[in-house]
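Quick one: this structure, given as structure tokens, is what I'll be asking you about.
The values are calculated or read from the model by the stated rules, or taken from the named source; none is laboratory data. Nothing here was measured: the structure is a model prediction, and the numbers come from that model. Here the Cβ positions follow ideal geometry from the backbone for every residue, glycine too, while neighbour counts run over all protein chains shown. Side chains are part of the model used for accessible areas, which takes the heavy atoms of the whole protein and leaves out ligands, DNA and RNA. Shrake-Rupley method; radii C 1.70, N 1.55, O 1.52, S 1.80 Å.
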Amino acid sequence: NNGETQKIEGVTQFFQQDAQFAELLLQYICDDLYPDKETVNILKVWVGPNFNSPFDRRQVGYEKYENEGKIKTVETIGPSDFNNAEASMTDVTTATLAKYKEGDIDAIWCCYDLYASGVYTALTQGNYKIPMVSVDICNADIDKMAAADSPWKACATTNWYYNGEFGMRVLALEMANEYDKIIDPMTKQASDWLELPTNVVSQDMVSGGSVNV
């Protein structure tokens, strides 16, 4: 928990770089959306402690920006009903935003795009102009980002095609006993602990339901 990792000896392990998901989205908020603001007020959409290791690592990236004073977490919210998480997030977000006046919340950071979809509904139904960002992306997210006057400004994701190709290359190199050629994309060093880099897909990269990069 709390971003800790566990190495299984003799096993090549690879992951998305989850801490980077959080960091790059917060960098986008601070540098692109609010470049002149010293501390940005964030409504954090989260899942609670001890959820699973990818979310723990996302928390590590989030805390970095908190600790550096670049963001301030106004409140942390999450689904009240995990069996109907998207609709629950709409209800929770609507109730939360009603407590604050305009300007109290600069942006909404979401740890997961299913929750973000509920947040999007709350923002659009309530005519709020608060920008939001989310970890993960899918076609439905792209459609929402591309909608007119959409508050959904960016998603963080790995390259899905690259992930699959990378896994097959690693397997082929292991079968050939060429472990010295298995290179971690983040460190550029040979390793059996591999992390796949993150990219930010911003609203201006999306048009017509596709991603232009």
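Alpha carbons only, please: Rg and Dmax for segment 83-172, in angstrom.
Radius of gyration, then largest Cα-Cα span, for segment 83-172: 15.7, 56 Å.
I want to verify the translational diffusion coefficient of segment 143-193 in µm²/s; compute it with Stokes-Einstein, Rh as the Kirkwood radius over Cα pairs, at 25 °C and 0.890 mPa s. Walk me through the numbers before you get to the answer.
On the way: Rh = 13.5 Å.
Result for D is 181 µm²/s.
Hey, another quick one. Can you give me the accessible area per residue for segment 145-190, using a 1.4 Å probe, in Å²?
62 Å²
If you roll a 1.4 angstrom probe over the protein chains with everything in place, what fraction of the accessible area of the chain belongs to carbon and sulfur, to the nearest %?
Ligands and nucleic acids excluded, carbon and sulfur reach 48 percent.
While we're on this one: Could you give the length gained by full extension between VAL60 and ILE8, i.e. 0.36 nm per residue of separation minus their alpha carbon distance, to one decimal place?
16.6 nm
Taking a probe of 1.4 angstrom, what is the accessible area of ASP184 in Å², to the nearest 10?
Rounded to the nearest 10, the figure is 10 Å².
Taking Rh as the Kirkwood radius computed over C-alpha pairs, what is the Stokes-Einstein D of segment 26-108 at 20 °C in a medium of viscosity 1.002 mPa s, expressed in µm² per second?
Diffusion coefficient, whole number: 155 µm²/s.
Between LYS37 and PHE82, with labels modelled 7 Å along Cα→Cβ, what's the label distance in nm to one decimal, could you check?
3.1 nm
Okay, moving on. Give me D for the chain in µm² s⁻¹, whole number, from Stokes-Einstein with Rh from the Kirkwood sum over alpha-carbon pairs, 25 °C and 0.890 mPa s.
So the translational diffusion coefficient is about 134 µm²/s.
Same structure, new question: For PRO79, what charge total do you get from the other residues with a beta carbon under 15 Å from its beta carbon, if Lys and Arg give +1 and Asp and Glu give -1?
Numbers: positive: LYS44; negative: GLU75, ASP81, GLU86, ASP91, ASP113.
Value of the local net charge: -4.
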